[in-house]
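The values are calculated or read from the model by the stated rules, or taken from the named source; none is laboratory data. Owing to the predicted nature of the structure, the values given are computational and were not obtained by experimental measurement. Neighbour counts are summed over all protein chains in view; Cβ atoms, including those assigned to glycine, are modelled from backbone coordinates with ideal geometry. For accessibility, only protein heavy atoms count, side chains too; no ligands or nucleic acids. Shrake-Rupley method; radii C 1.70, N 1.55, O 1.52, S 1.80 Å.
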Amino acid sequence: MEHEFWHRKWETDQIGFHETATHSMLLCYWDGLCLGAGSRVFVPLCGKSNDMLWLRARGHEVVGVELSDIAAAAFFEENGIEADRSEHGSFIAYRAPGYELLCGDYFDLTRELLDGVDVVYDRAALIALSPEQRGQYVAHLTRLLDPGTPILLVTVRYEPELISPPPFLVADDEVETLYAPSCSIARLGTAPALLKGKPCEEAAYCMIREVGRG
C-alpha cells in the first residue's frame, strides 16, 4: 500500500473521504445478511468510520485494521470511548468493549488475528487501492476468511474526467474478475450519490467465500 500517501492525508487532515453519516448501503443491505447480534465484523481500512458505531449499536463485535494511528486514536477520542492501547505483534491494538482496531499494515494480518470473524464490511478498502494493488488485497482477504463468510462490498463508479482518484472506480467486470476465483457473487443494487461534489453511482455486492475456491 502507499503508506506515505495515506499517512500524509491523516497528518494534514485531508480526509474528505471520511463520512459522518452511516453509509446508506450499509443501512439498506445489512439486514439481508441475516447475522446474529453477536457476530464479529471485520472492517478493512476502517479509518475512523462512524459505520463502526452503527455496527456496534446493532450488537456486533467490530474488528478493524487501519494504517494510520491518528485515525484509530481519533475514532475512540471523538466518540468518547475509552480504549486500551498496546502492542500486538506487528500492530498497535486499540481495544474497548465491542471494538478492536489494529493499527498497521493490512498485509500483515493473519487468520489468528481475525479469529472468529463472521462477516466483512468493505466500504472504503477496495476503492482506496490502485488497480495494481486490488488483486493482492482480495487474494489476501479471501485467504483470511473461512468458507461461508460473507463480504458486503460497496464500490463506486463515475466519469473519470470529472473526478480524480482516490477513491478509484471499480466496475462490475472487475469485481467479477477479482472475486469469482474464491467467492460466489451477488449484485445487490445501485444508488446515485455524490463524490467530491460530483454525481456518481455506488454499487453493493454480497460475496460468499466458497469451499475449495481460491
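Worth a mention:
- Excluding exposed DSSP-loop trypsin sites (Lys or Arg not before Pro) (at most 15 other C-beta within 10 Å), longest clean stretch of the chain: 112-195
- Expressed as a whole percent, the accessible area of the chain that falls on carbon and sulfur atoms is 51 (1.4 Å probe).
- At R0 = 30 Å, FRET efficiency that the Cβ-Cβ distance of Ala171 and Val211 yields, to 0.05: 0.60
- Calculated FRET value between Arg95 and His140, using beta carbons and R₀ = 35 Å, to 0.05: 0.90
- Residues in region 84-119 reached by a label modelled at Leu188 [backbone nitrogen below 14 Å; 7 Å Cα→Cβ]: 119
- The Rg/Rh ratio of region 121-214, with both radii computed over alpha carbons and Rh defined as the Kirkwood radius, is 0.98.
- Residue of Ser182, Ser49, Ser86 that the Gaussian network model of the chain assigns the largest fluctuation, springs spanning Cα pairs under 10 Å: Ser86
- FRET efficiency for the Cys28 to Ala57 pair, using the beta carbon distance and R₀ = 22 Å, is estimated at 0.85.
- Per-residue surface analysis assigns Glu210 an accessible area of about 60 Å², computed on protein heavy atoms at 1.4 Å probe radius.
- In plain terms, the C-alpha convex hull of the chain casts an average shadow of 11.2 nm² when viewed from every direction.
- Note, ³J(HN,Hα) from phi for region 158-163, Karplus 6.51, -1.76, 1.60, rounded to Hz, x at Gly and Pro: 7, 6, x, 6, 9, 9
- Each of Thr110 and Ser130 was given a label point 7 Å from its Cα along the Cα-to-Cβ line. The distance between the two points is 3.0 nm.
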